[in-house]
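No value in this document is a laboratory result; all are computed from the given coordinates. None of these values were measured; they are calculated from a predicted model. A quick note on method: Cβ atoms are made from the backbone with ideal geometry, for glycine too, and the neighbour counts reach across all protein chains shown.
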Amino acid sequence: MSFESTLNAITSRAATASSLGSSLKFDFGDQQILLDGTGDSNVVSTENKDADCTVSIKLEDLEAMMKGDLNPMMAFMSGKIKVKGDMGVAMKLQSFLK
């Protein structure tokens, strides 16, 4: 998968998921995906701005989680995911990524 296909997949899942109630940013180093769920629906963009929770992860690891090949909790425990900010928002990822 490429960044664009990952962005499209997250946008598609965000459209059908309940609003997160907060904002979450996936930080891939040189690119970001921002999921703003502070309104009635989730809005996805590539803006690089502060979020309630920032998840630093490699693009390929996020793709593996989205495919079900990498368990989000195992990724966190093994250090493939680094979470900064509201851990409660990060905990919602497991249900969001399925």
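A few points about this structure:
- Note on the chain: helix-only mean residue ellipticity at 222 nm, from DSSP H runs of 4+ residues weighted -39500 (n - 2.57) and normalised by residue number, equals -10500 deg cm²/dmol.
- Look at Met65, Met77 and count the other Cβ atoms within 10 Å of each Cβ; fewest to most, that gives Met77, Met65.
- Here Val43, Val55 are placed in order of increasing Cβ neighbour count within 10 Å, fewest first, which gives Val43, Val55.
- Placing unit charges on each Cβ (+1 for Lys and Arg, -1 for Asp and Glu) gives the chain a dipole about its Cα centre, and among Cys53, Thr38, Met77 the Cα reaching farthest toward its positive end belongs to Met77.
- Lysine pairs meeting the criterion (Cα under 19 Å, 8 or more apart or interchain), as found in the chain: 23
- In the chain, the DSSP beta bridges split such that about 75 percent are antiparallel, to the nearest 5.
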